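Participant: After the structure tokens below, expect a handful of questions from me.
FYI, it's all coordinate maths here, none of it is from the lab. All values derive from a computational prediction rather than experimental measurement. A quick note on method: Cβ atoms are made from the backbone with ideal geometry, for glycine too, and the neighbour counts reach across all protein chains shown.
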Amino acid sequence: MKCNNCGRSVGKGFGKGFGMLKHLGPLCAKCFKGVLHRRIRREFRKYPWFKPNEKVVLVKETHPRFALLKEAFKLIIKGMPIKLKEQKISIEKASKSYDRVIVAWTAEHEIQAFLREVFENVPRKPEPKNLIKPLKHITNDEVALYAKAKGLKMPHDKGKLKALIDRFEKKYPGTKFALLESIEELGK
């Protein structure tokens, strides 16, 4: 099977399952990582750019999405004079101690928070102004493929809302991105 982007073989190491998300088609590992990195860079452009000597924290977690965030972020800030720290810390505490707080929230985090607010009447906490969510346009399925490419273990996320969202995505591909786009429009 050939990569949709570069034409190289998808590779035996990843088999038929690698890069076979319906919205991406078959991709080799290098092109797949490139797609994810471009989306993360695009999300970073929505925020004011980093200033020299700013204190930035990556909120640390053990999930593979943190590895993706860390890899992409280090490529983006390469050579910039910022003070970067990885720390397991609450968002509230980090927003008071650092100039920028970067979290590894995916599209599913955003969608589930919105649906909880709508269906379960659980109000969303106001987000600090210095919070950045660069993985907002990356799905958990894409994080799972990234984890597979890197040899990382992907934990199973559970929950009624997650199961519901996944069922809709399976039946109607593109549902997650459409929901995310609607949420962003409503937030404006």
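Conditions tested, residue by residue: (1) surrounded by fewer than 20 Cβ atoms within 10 Å (Cβ to Cβ); (2) among the aromatic types (Phe, Trp, Tyr); (3) within 29 Å of Arg45 (Cα to Cα); (4) in contact with a Phe, Trp or Tyr (Cβ under 9 Å, 6 or more places away or on another chain).
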{"residue": "Lys129", "(1), (2), (3), (4)": "yes, no, yes, no"}
{"residue": "Pro134", "(1), (2), (3), (4)": "no, no, yes, yes"}
{"residue": "His137", "(1), (2), (3), (4)": "no, no, yes, yes"}
{"residue": "Leu145", "(1), (2), (3), (4)": "no, no, yes, yes"}
{"residue": "Gly159", "(1), (2), (3), (4)": "yes, no, no, no"}
{"residue": "Lys162", "(1), (2), (3), (4)": "yes, no, yes, no"}
{"residue": "Pro173", "(1), (2), (3), (4)": "yes, no, yes, no"}
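Participant: Do you know which residues across segment 150-163 are in contact (Cβ under 8 Å) with a residue 24 or more places away in the chain and over 17 Å from Thr62 (Cα atoms)?
Facilitator: The answer is Gly159, Leu161, Lys162.
Participant: Which ranges mark the helices (runs of 4 or more DSSP H) fully within segment 99-179 that have 1 or more residues being of a type in the set (Phe, Trp, Tyr) and closer than 30 Å to Lys85 by Cα?
Facilitator: Result: 107-119, 140-150.
Participant: Mind listing whichever residues of segment 170-185 are free of Cβ contacts under 8 Å to residues at least 12 places away in the same chain and out of contact with any Asp or Glu (no Cβ under 8 Å at 6 or more places or on another chain)?
Facilitator: Lys170, Lys171, Tyr172, Ala178, Glu181, Ser182, Glu184, Glu185 - these are the residues of segment 170-185 that are free of Cβ contacts under 8 Å to residues at least 12 places away in the same chain and out of contact with any Asp or Glu (no Cβ under 8 Å at 6 or more places or on another chain).
Participant: So, in segment 22-68, of the ones that are part of a loop (DSSP other than H, G, I, E, B) and touching a strand residue (DSSP E or B) at 6+ places or on another chain (Cβ under 8 Å), which residue ends up surrounded by the fewest Cβ atoms within 10 Å (Cβ to Cβ)?
Facilitator: Selected residue: Asn53.
Participant: Among the numbered criteria (1) over 16 Å from the mean Cα position of the chain (by Cα); (2) surrounded by fewer than 19 Cβ atoms within 10 Å (Cβ to Cβ), which single criterion is violated by Glu169?
Facilitator: The one condition Glu169 does not meet is (2).
Participant: Looking at segment 52-79, I want the residues that are within 11 Å of Ile102 (Cα to Cα) and have a partner that is assigned to a helix (DSSP H, G or I) with Cβ atoms under 6 Å, at least 6 apart or on another chain. Which pairs are those?
Facilitator: That search, which allows pairs on different chains as well, returns Val57/Ala94.
Participant: Ala113 fails exactly one of the following numbered conditions: (1) surrounded by 13 or more Cβ atoms within 10 Å (Cβ to Cβ); (2) in contact (Cβ under 8 Å) with a residue 60 or more places away in the chain. What is the number of that condition?
Facilitator: Answer for Ala113: the failing condition is (2).
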